[in-house]
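Novice: Please find one structure pasted underneath; my questions will follow.
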Amino acid sequence: MDHLPRKLISRRGFCLCCVGSAGLAASGGLLTPREAYAEARGLVSLIKDSAAVSPIVTHKLRGNISALEGSGGNIAVLNGPDGKVLVDAGIGVSRPQMTKALADLGPEPITHLINTHWHFDHADGNTWLNAAGAKIIAQENTRKRLSEVQRVEDWDYNFLPPPSGGIPSEVFADEHNLKLNGASIALKHYLPAHTDSDISVRFGEADVLHVADTFWNGVYPFIDYSTGGSIDGTIAACDANLAATTADTIIIAGHGQPVSNRAELKEFRDMLVAVREKVSTLKKQGRSRDEIVAAKPTAAFDAEFGNFVIDPGFFTRLVYEGV
């Protein structure tokens, strides 16, 4: 297994990292997505610019399953005689690098694409992958979100629907099972967590679980309150993930180092719980949001989780919104 040390969070881990570097000289530190949008006049443009040049790194796992890192969210690929099955599509401008990475896995065609949720960095590649032959499968809220304009307040951006080919053609409500390339693939909808459309994807025989953006490995997460996410829902999703895994399970995280395990997931979950409790206590004392940010309730975790685009202050504001 190609597993880099978790501390070495690179540009490939999440294309939004370029947002932080865009304003370092002026600010002396990472910008929040909203601040970066104002400075760069287009957060999504920055993300696309990064994805257009970022290399795709392939991590070989088990049972003809690989994780691809470098095009937005981390992608899983199951290869075999039924064709390539992708979990998440990344960002469309990564198509040249993605095409090469997929070809390097073998000559089989792309036949299926599973979206873990609707976000741009996981579903923007839907259109070209559908044109290449992939049937798109997702939870019904993903199709709903992709079919309408979506505003994400914390990014200060309105996302337009993709062309019709980028909309999932097969949807489900709670659970959906597939049998492809000899693998049992179980799709399961969380209650609202990172968004209201998140699902996990389990490859049964290989004991590999893609939990997408319910887990950001070694970094503070983004939680999209604009489309149904919450800190409590994210913690509940982590609890569900822990219950569904063992020490032998390979866990694919949505962002950060893609190849992870139950111990790292538990560390992430425990951080979420501790920060939520601190922020909730301060809020019940009547502290304002800015006062709580100034109190640094994440301080005990910043060295471990605070070195990425979602900085401690921004994460604190996300938690504050949900308690």
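The values are calculated or read from the model by the stated rules, or taken from the named source; none is laboratory data. Quick caveat, the model's predicted, so the values are computed rather than measured. Here the Cβ positions follow ideal geometry from the backbone for every residue, glycine too, while neighbour counts run over all protein chains shown.
Novice: Of the residues that sit in region 183-213 and are assigned to a strand (DSSP E or B) and either closer than 9 Å to His117 by Cβ or without any contact (Cβ under 8 Å) to a residue 40 or more places away in the chain (or both), which one is farthest from the chain's Cα centre (by Cα)?
Specialist: Step by step, filter region 183-213, then rank; the result is Ser184.
Novice: Evaluate the following for Arg143: is it in contact (Cβ under 8 Å) with a residue 12 or more places away in the chain and out of contact with any Pro (no Cβ under 9 Å at 6 or more places or on another chain)?
Specialist: For Arg143, the condition - in contact (Cβ under 8 Å) with a residue 12 or more places away in the chain and out of contact with any Pro (no Cβ under 9 Å at 6 or more places or on another chain) - is not met.
Novice: Here's something else I'd like to know. How many residues does region 155-169 contain that are outside any loop (DSSP other than H, G, I, E, B) and more than 18 Å from Lys48 (Cα to Cα)?
Specialist: The total comes to 2.
Novice: Identify all residues within region 224-237 that are of a type in the set (A, V, I, L, M, F, W, C) and surrounded by fewer than 23 Cβ atoms within 10 Å (Cβ to Cβ); write none if there are none.
Specialist: If the condition is that a residue be of a type in the set (A, V, I, L, M, F, W, C) and surrounded by fewer than 23 Cβ atoms within 10 Å (Cβ to Cβ), then Ile235, Ala236 are the ones that fit.
Novice: Can you tell me which residue within region 158-171, out of those that are crowded, with 17+ Cβ neighbours inside 10 Å and not β-branched (Val, Ile, Thr), is farthest from Thr111 (Cα to Cα)?
Specialist: Restricting to residues being crowded, with 17+ Cβ neighbours inside 10 Å and not β-branched (Val, Ile, Thr), the top hit is Phe159.
Novice: For region 143-153, state whether one or more residues are buried (at least 20 other Cβ atoms within 10 Å of the Cβ), hydroxyl-bearing (Ser, Thr, Tyr) and farther than 23 Å from Ser66 by Cβ.
Specialist: No, region 143-153 has no match at all.
Novice: What number goes with the only condition from (1) touching a Pro at 6+ places or on another chain (Cβ under 9 Å); (2) over 22 Å from Thr195 (Cα atoms); (3) among the small types (Gly, Ala, Ser) that Ala294 does not pass?
Specialist: In the conditions (1) touching a Pro at 6+ places or on another chain (Cβ under 9 Å); (2) over 22 Å from Thr195 (Cα atoms); (3) among the small types (Gly, Ala, Ser), Ala294 misses (1) alone.
Novice: Still on this structure, please answer the following. Six or more apart or on different chains, Cβ atoms under 8 Å: show the pairs whose first residue is in region 37-61 and over 22 Å from Ile251 (Cα atoms) and buried (at least 23 other Cβ atoms within 10 Å of the Cβ) and whose second is of a type in the set (Ser, Thr, Tyr) and at pLDDT 85 or above.
Specialist: That search, which allows pairs on different chains as well, returns Ala51/Ser71; Ala51/Ser94; Ser54/Ser71; Ser54/Ser94.
Novice: Restricting to helices (runs of 4 or more DSSP H) lying wholly in region 224-323: which have 3 or more residues that are under 21 Å from Asn74 (Cβ atoms), touching a Ser or Thr at 6+ places or on another chain (Cβ under 8 Å) and in contact (Cβ under 8 Å) with a residue 12 or more places away in the chain?
Specialist: 231-243, 262-284
Novice: Could you tell me whether any residue of region 108-124 is out of contact with any His (no Cβ under 7 Å at 6 or more places or on another chain) and free of Cβ contacts under 8 Å to residues at least 24 places away in the same chain?
Specialist: No, region 108-124 has no match at all.
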